[in-house]
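These notes are about the structure you will find just below.
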Amino acid sequence: MPASYQRWGKSGEAPKTVLKSGIPAFARMAAYGRKANFHMVNKTVWVMLFCLIALAGIAADRSGISESKLRDEISSLEQTAQELEEQNQGLGRMLSALDSGEIYIVVDTENNRLTLRTEDAVMRVAVCGTGSRQFVEEETGRNWFFETPLGSFTVLGKERNPVWIRPDWSFVEENMPVPPKGHPDRIVRGVLGKYALLLGSGYKIHGTTFTNLLGTHFTHGCVSLGDRDLEAVYKAVKIGTKVYIY
Amino acid sequence: MNIKWIIVLVSLFATGADSGALDISEQRQLIEKRTALTRRIEHLKQEQDFLLFQKEFSTLDSKYLILDLAERKGQLKYKHVVLKDFQFTTSPVSAYKKIPSGALTLTSRVEKPRARMSLAFGKTLVIWSKAGESSGKKQRGIVYLTVKRKDLVSISYALEDGAQAYIIPSSGLRAKIGVTKSVRD
């Protein structure tokens, strides 16, 4: 029997020699089908086998340690997501509360379009006329620039069959003498249509006899509409309706 | 063999003995869950940024744009009020993948001639009309939004220099632009 079959320690051989002779010895035993005897197989081979299995187990065990860290991380992420979700819901509610759902008017002065709408739906788009952006100057030095004012406004009043009280510039434009305030020549009926919405500072949304000019910049600052659109808008809005002109 | 060695080796074996196969699959599930949560948090942060933008501009006296690149829809807004809805085409088509969500600032504009009217938001985005598209030269790296001329005219008139445009690149954000219905009598 080869020396490698002898028990390690008793044989007194160095580990390297044992290893070198032990593996071939084990292989020869397996090849001959002889039953492995713990005492006959080189101890080193068994040590190697156990160490390999132990290392595999330790590696698996180490993965168990990172798993708990993973769970902690997930828990923290879930909490963060929950907080963000709640914050966003709060912000969403705050923004939703700003929308009253009421109808408002938007006037696009570049394209001469008046839109009657809510936040989510457009009710009507009307062709309108806005300020001519023309400049008129009187001999006395007074001058006027005819532009529809931009910004946000509120319907302050509603009129039926509005009367036009001619301002000074309307006489200056026609090279006519300017009558005193309250003079009957200043009162003109039937030129502003059947309805008017008052926006303040003398500005209105009203009708016009110059329907062929709708869609252009032809007014002296007011917003002019055709008869049908004017009636629809007048009936849809109320005092307090917002008007946005840009 | 020395009995001590047997005890040591068996102990080594026992420390490692574990149901390794089950842990790996469970671990994979946990990693996937973590990835999904990270993605969700990112989405929620984007959503919050948009909500905070709207909250800030609900009080400012300034008009701004909201641009949904995925849906190719835009809104001109003032405070919380929609002044105008418009649509656009994008170049490149997958523009929503090119620009991250967030606010851009109007840095320059061309107003005349009208055919070449355009609005530039840094070196990121340009809004122009079809006429501008055919006469202008596209630069690499810039996303171009083509709108109708009348829309461009009114948007350009409405926006001041330095105005903001907020980009919503992905669908699914809670506070994205809704569909504006048209109700005519």
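Throughout, read-outs are computed from the coordinates displayed, never taken from laboratory work. Every value quoted in this text rests on a predicted model; they were computed, and no experiment measured them. Every residue, glycine as well, gets a Cβ built from its backbone with ideal geometry; the counts of neighbours run over all protein chains shown.
Multiply the residue separation of residue A:89 and residue A:72 by 0.36 nm, subtract the distance between their alpha-carbon atoms, and state the gained length in nm to one decimal.
Result: 3.5 nm gained on full extension.
Assuming R0 = 45 Å, can you tell me the calculated FRET efficiency for the pair residue B:4 and residue B:25, based on Cβ-Cβ distance, to the nearest 0.05?
Calculated transfer efficiency: 0.75.
Can you spot the aspartates and glutamates whose alpha carbon is less than 16 Å from residue B:73's alpha carbon? Ignore those fewer than 8 places along the same chain.
Qualifying aspartates and glutamates at Cα under 16 Å: A:119, A:120, B:85, B:151.
Hey, which lysines would be in cross-link range of residue B:112, C-alpha to C-alpha under 20 Å, not counting anything within fewer than 8 residues on its own chain?
Of all the lysines, those that pass the test against residue B:112 - Cα under 20 Å, at least 8 places apart if same chain - are B:130, B:137, B:138, B:148, B:150.
Run the reach check for residue A:158 against lysines, Cα to Cα strictly under 22 Å, same-chain hits fewer than 8 apart removed. What comes back?
A:194, A:204, A:235, A:238, A:242
At a Förster radius of 41 Å, what calculated FRET efficiency corresponds to the Cβ-Cβ distance of residue A:125 and residue A:82, to the nearest 0.05?
Step by step, r from the Cβ atoms, then E = 0.40.
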